[in-house]
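Data first, discussion second: the structure below is written as structure tokens.
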Amino acid sequence: MSSPIPDNELSRGALPKHIAIIMDGNGRWAKARGKARMFGHKAGVESVRKTVSAANRLGIQVLTLFAFSSENWRRPQEEVNLLMELFVTVLGREVKRLHKNGVRLRVIGDTSRFSRSLQEKIARAEDLTKNNTRLVLNVAANYGGQWDITQSVKKLAEQVACGELDPSTLTEGDIAVHLSTAGLPDVDLMIRTSGECRISNFILWQAAYAELYFTEEFWPDFNEKSLSNAIAWYINRERRFGCTGEQIQAMLETEN
Ligand code: IPE
Ligand code: IPE
Ligand code: MG
């Protein structure tokens, strides 16, 4: 018998607890306006602000935003540098407001590749907001789903090597415990803007049963209404977790 379906996850009409967003299309948005790609990244910051505030207002528990992937280092050096600068500026500018609004900010990803000063800024922002109890905002920076699983497996391998862990007892739960999102609910709804229908090595393990929502809108055009549309679509999905539709209906009936 496999593990039971987690509480609450079937209830139709329930809000997603965890929303993850691949914020894509900044470059094309800028190009369509005859501007440099960076203009799109800057415009995208406004969409981040709107989305975070809407998610917080709606009572979403966790929002994970893909800001910079493990693969984005492959971009022209100038774009990478400017993106890092933008990250520093936005972090400096927004942290107080996030804190005031009860948001707990976390940066997930391999931050060791960032400059010392950016790492310090991140640590200070996480520390300032660590006791906040409203929205958990994960900013995925130098993040890759494969990196996340690998770093978890490395920790387990170390435990095996020093005799603390018996490999024959390993479970999915052991892997989850060391992921960067440990302790948070899995992703219910994953959104990608800009019309691309791929995951691009975003949060892989945690999105194993996420509903995937793709919209043609470029990220700088994404706003509160776009988020509500995605949530409205999600609410009408029938999540089955491997069961049949009939089983789900029966479970919903006993729930009500
Ligand atoms: C997403 O927009 C932002 C980052 C990856 C940092 P893009 O920069 O990928 O925009 P497009 O896909 O080139 O339009
Ligand atoms: C994914 O977008 C990464 C972020 C949104 C930060 P990309 O634009 O980098 O993805 P690909 O390269 O088109 O798959
Ligand atoms: Mg892109």
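The values are calculated or read from the model by the stated rules, or taken from the named source; none is laboratory data. Note that the coordinates shown come from a computational prediction; the quantities given were computed from them, not determined experimentally. Heads up, the Cβs are rebuilt from the backbone with ideal geometry, glycines too, and the neighbour counts pull from every protein chain shown. The accessibility values were calculated without ligands, DNA or RNA, using every heavy atom of the protein model including side chains. Shrake-Rupley method; radii C 1.70, N 1.55, O 1.52, S 1.80 Å.
What the table below lists for this structure:
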{"read-out": "Any hit, segment 174-195, residues being over 26 Å from R134 (Cβ atoms), within 16 Å of ligand 3 (Cβ to nearest atom) and not hydroxyl-bearing (S, T, Y)", "value": "yes"}
{"read-out": "E94 open to solvent by less than 40 Å² (accessible area, probe 1.4 Å) and acidic (D, E)", "value": "yes"}
{"read-out": "Verdict on H18 being closer than 25 Å to N236 by Cα, buried (at least 19 other Cβ atoms within 10 Å of the Cβ), modelled with pLDDT of 95 or more and not polar (S, T, N, Q)", "value": "yes"}
{"read-out": "Selection count where residues are charged (D, E, K, R), within 16 Å of ligand 1 (Cβ to nearest atom) and part of a helix (DSSP H, G or I), scope segment 192-250", "value": "1"}
{"read-out": "Selection count where residues are under 18 Å from L184 (Cβ atoms) and touching a His at 6+ places or on another chain (Cβ under 8 Å), scope segment 106-134", "value": "2"}
{"read-out": "Close pairs from segment 13-33: first within 27 Å of Q61 (Cβ to Cβ), partner open to solvent by 50 Å² or more (accessible area, probe 1.4 Å) and within 11 Å of ligand 3 (Cβ to nearest atom), Cβ under 9 Å, at least 6 apart", "value": "I22/R198; D24/F218; G25/F218; N26/R37; N26/F218"}
{"read-out": "Unmet criterion (only one of (1) open to solvent by 20 Å² or more (accessible area, probe 1.4 Å); (2) within 14 Å of ligand 2 (Cβ to nearest atom)) for A208", "value": "(2)"}
{"read-out": "Close pairs from segment 193-213: first at positive phi, partner away from ligand 3 (no atom under 13 Å from the Cβ) and at pLDDT 95 or above, Cβ under 6 Å, at least 6 apart", "value": "G195/E216; N201/G144; N201/G145; N201/Q146"}
{"read-out": "Odd one out for W233 among (1) closer than 18 Å to A54 by Cα; (2) open to solvent by less than 70 Å² (accessible area, probe 1.4 Å)", "value": "(2)"}
{"read-out": "Filtered residue count, segment 128-153, keeping only those that are assigned to a helix (DSSP H, G or I), within 18 Å of A182 (Cβ to Cβ) and open to solvent by 60 Å² or more (accessible area, probe 1.4 Å)", "value": "4"}
{"read-out": "Those residues of segment 158-176 which are assigned to a helix (DSSP H, G or I) and more than 21 Å from S112 (Cα to Cα), in sequence order", "value": "Q159, V160, A161, P167, S168, T169, E172, G173, D174, I175, A176"}
{"read-out": "Residue in segment 179-187 that is more than 21 Å from G25 (Cα to Cα), touching a Lys or Arg at 6+ places or on another chain (Cβ under 7 Å) and open to solvent by less than 50 Å² (accessible area, probe 1.4 Å) present", "value": "yes"}
{"read-out": "Criterion (out of contact with any Gly (no Cβ under 6 Å at 6 or more places or on another chain), at pLDDT 95 or above and under 30 Å from A14 (Cβ atoms)) met by exactly one of L82, L86, L98", "value": "L98"}
{"read-out": "Among residues of segment 21-39, those that are within 11 Å of ligand 2 (Cβ to nearest atom) and open to solvent by less than 60 Å² (accessible area, probe 1.4 Å), counted", "value": "7"}
{"read-out": "Positions within segment 100-120 being open to solvent by 70 Å² or more (accessible area, probe 1.4 Å) and in contact with a helix residue (DSSP H, G or I) (Cβ under 6 Å, 6 or more places away or on another chain), in sequence order", "value": "R104"}
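Rundown of residues vs (1) touching a strand residue (DSSP E or B) at 6+ places or on another chain (Cβ under 6 Å); (2) surrounded by fewer than 19 Cβ atoms within 10 Å (Cβ to Cβ); (3) charged (D, E, K, R), yes/no style:
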{"residue": "K50", "(1), (2), (3)": "no, yes, yes"}
{"residue": "S53", "(1), (2), (3)": "no, yes, no"}
{"residue": "R57", "(1), (2), (3)": "no, yes, yes"}
{"residue": "L63", "(1), (2), (3)": "yes, no, no"}
{"residue": "A67", "(1), (2), (3)": "yes, no, no"}
{"residue": "N72", "(1), (2), (3)": "no, yes, no"}
